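S.K.: Questions regarding the structure given below will be posed in turn.
Derivation of every value follows stated rules applied to the coordinates shown; laboratory data play no part. Being a predicted model, the structure only gives us computed values, none of them experimental. Ideal geometry is used to build each Cβ from the backbone, glycine not excepted, and the neighbour counts take in all protein chains shown.
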Amino acid sequence: MTRLYESFQQDFEIITADTDELLEQVFRLRYQVLCIEKRLPDFDFKHYPNRLEKDDYDSHSAHILLRYRSSNEFIGTVRLILADTMRPQKKFPIELHGQLDPALCDIQALPRQRMAEISRFLITEQFDRRKGNRRERPGSNHNVINKEQDQRAGDRRSGVNVVLALVAGVMRMSASHDIRYWFSVMDPALNRLLGFYGLGFDPIGPPVNYHGIRRSYYARVDGVMTKIYNRHREVWEFVTERGTYIPGQIDQ
């Protein structure tokens, strides 16, 4: 068992949010991060009087929560937007806001039931930022740089490990729904951080102003998994939970 995987098992628990109670925890955590901590622009707490941040995509999304075992608190969440079976032609957010270049990725040529968009990839401020670190304005890249420095210092509780734990949640959801193609509109700094571990996506559109400066990205799940298996075996073991969660290898 590698140190990274052992650390993950000791520190974190991935919980599938598949009940009304757990989904409420997801939406409350998103409200805290987006509306109170204001980690991204365009989320005004006045629009969420019940303190639950949710939208029209949540009804056809898979969700996970990340629990930090030491405090028993939920400290992160991510969702996987799936194709809407009731409205098969409903567009993903990336199709509406990403300005996709069809020469880089023809999204219309892919099977929509095997596509998913990674969204609401969030970590709470109190866990993501160390006591004593200066606060950064929303949208800055300094917290990402600090995460990279933490990992190089070998700090098991670093932000990078939290990011990889959320990626492990994405992998679990992708395996459960047999997702083969990932899309995301994300901060380029986050994609660079993922790329440090072999998990970087390919850009398929220009930067756009969508909850801050974001760019559209695409990845074939099997391609990413093959790359990290060959080049970053410790990361592969971490995010697949030692090969437990790989799309196409779980009975549906």
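Yes/no per residue for (1) of a type in the set (S, T, Y); (2) farther than 28 Å from R215 by Cα:
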{"site": "L22", "(1), (2)": "no, yes"}
{"site": "R39", "(1), (2)": "no, no"}
{"site": "D44", "(1), (2)": "no, no"}
{"site": "L52", "(1), (2)": "no, no"}
{"site": "Y68", "(1), (2)": "yes, yes"}
{"site": "K91", "(1), (2)": "no, no"}
{"site": "D106", "(1), (2)": "no, no"}
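S.K.: A further question on this structure: Just give me the residues in the stretch 65-93 being touching a residue at least 60 places away in the same chain (Cβ under 8 Å) and in a loop (DSSP other than H, G, I, E, B), in sequence order.
M.R.: The one that is touching a residue at least 60 places away in the same chain (Cβ under 8 Å) and in a loop (DSSP other than H, G, I, E, B): F92.
S.K.: Moving to a separate point now. Which count do you get for residues in the stretch 204-224 that are surrounded by fewer than 20 Cβ atoms within 10 Å (Cβ to Cβ) and among the hydrophobic types (A, V, I, L, M, F, W, C)?
M.R.: Looking only at that region, the number is 2.
S.K.: Can I ask one more? For the stretch 1-12, state whether one or more residues are within 26 Å of A116 (Cα to Cα) and surrounded by fewer than 18 Cβ atoms within 10 Å (Cβ to Cβ).
M.R.: no
S.K.: Select from the stretch 94-130 the residues that are among the small types (G, A, S) and touching a residue at least 60 places away in the same chain (Cβ under 8 Å) and list them in ascending order.
M.R.: Our first condition is that a residue be among the small types (G, A, S); within the stretch 94-130, this holds for 98, 103, 109, 116, 119.
Matches in the stretch 94-130: G98, A116, S119.
S.K.: Can you name every residue in the stretch 5-55 that is part of a helix (DSSP H, G or I) and farther than 15 Å from T77 by Cβ?
M.R.: Of the residues in the stretch 5-55, the ones part of a helix (DSSP H, G or I) are 5-11, 20-36, 45-47.
Y5, E6, S7, F8, Q9, Q10, D11, D20, F45, K46, H47, listed by residue number.
S.K.: Enumerate the pairs (first residue in the stretch 210-225 and within 15 Å of L110 (Cα to Cα); second residue anywhere and of a type in the set (D, E, K, R)) with beta-carbon separation below 6 Å, excluding pairs fewer than 6 apart on the same chain, so at least 6 apart or on different chains.
M.R.: Qualifying pairs under 6 Å: Y218/D202; V221/R180.
S.K.: Within the stretch 15-59, can you find the residues that are hydrophobic (A, V, I, L, M, F, W, C) and farther than 23 Å from V185 by Cα?
M.R.: Initial filter on the stretch 15-59 (hydrophobic (A, V, I, L, M, F, W, C)): 15, 17, 22-23, 26-27, 29, 33-36, 40, 43, 45, 52.
Within the stretch 15-59, I15, L22 meet the criteria.
S.K.: Identify the residue in the stretch 19-42 that is buried (at least 17 other Cβ atoms within 10 Å of the Cβ) and without any contact (Cβ under 8 Å) to a residue 24 or more places away in the chain and, among all such residues, is farthest from the chain's Cα centre (by Cα).
M.R.: If we take residues in the stretch 19-42 being buried (at least 17 other Cβ atoms within 10 Å of the Cβ) and without any contact (Cβ under 8 Å) to a residue 24 or more places away in the chain, then C35 is farthest from the chain's Cα centre (by Cα).
S.K.: Just to be sure I understand, how many residues within the stretch 195-218 are touching a strand residue (DSSP E or B) at 6+ places or on another chain (Cβ under 9 Å), closer than 22 Å to P41 by Cβ and among the hydrophobic types (A, V, I, L, M, F, W, C)? Outline the logic, then answer.
M.R.: Let us first name the residues in the stretch 195-218 that are touching a strand residue (DSSP E or B) at 6+ places or on another chain (Cβ under 9 Å), namely 199-208, 210-211, 214-218.
Going one step further and asking which of them are closer than 22 Å to P41 by Cβ, we end up with 203, 205-208, 210-211, 214-217.
Next, only the ones that are among the hydrophobic types (A, V, I, L, M, F, W, C) stay: 208.
Residues meeting the conditions: 1.
S.K.: Do we find a residue being closer than 24 Å to D178 by Cα and surrounded by fewer than 13 Cβ atoms within 10 Å (Cβ to Cβ) anywhere in the stretch 58-80?
M.R.: So the first thing to find is which residues in the stretch 58-80 are closer than 24 Å to D178 by Cα, and the list is 58-66, 76-80.
Still in the list and also surrounded by fewer than 13 Cβ atoms within 10 Å (Cβ to Cβ): 59.
Scanning the stretch 58-80, I find at least one residue that is closer than 24 Å to D178 by Cα and surrounded by fewer than 13 Cβ atoms within 10 Å (Cβ to Cβ), so the answer is yes.
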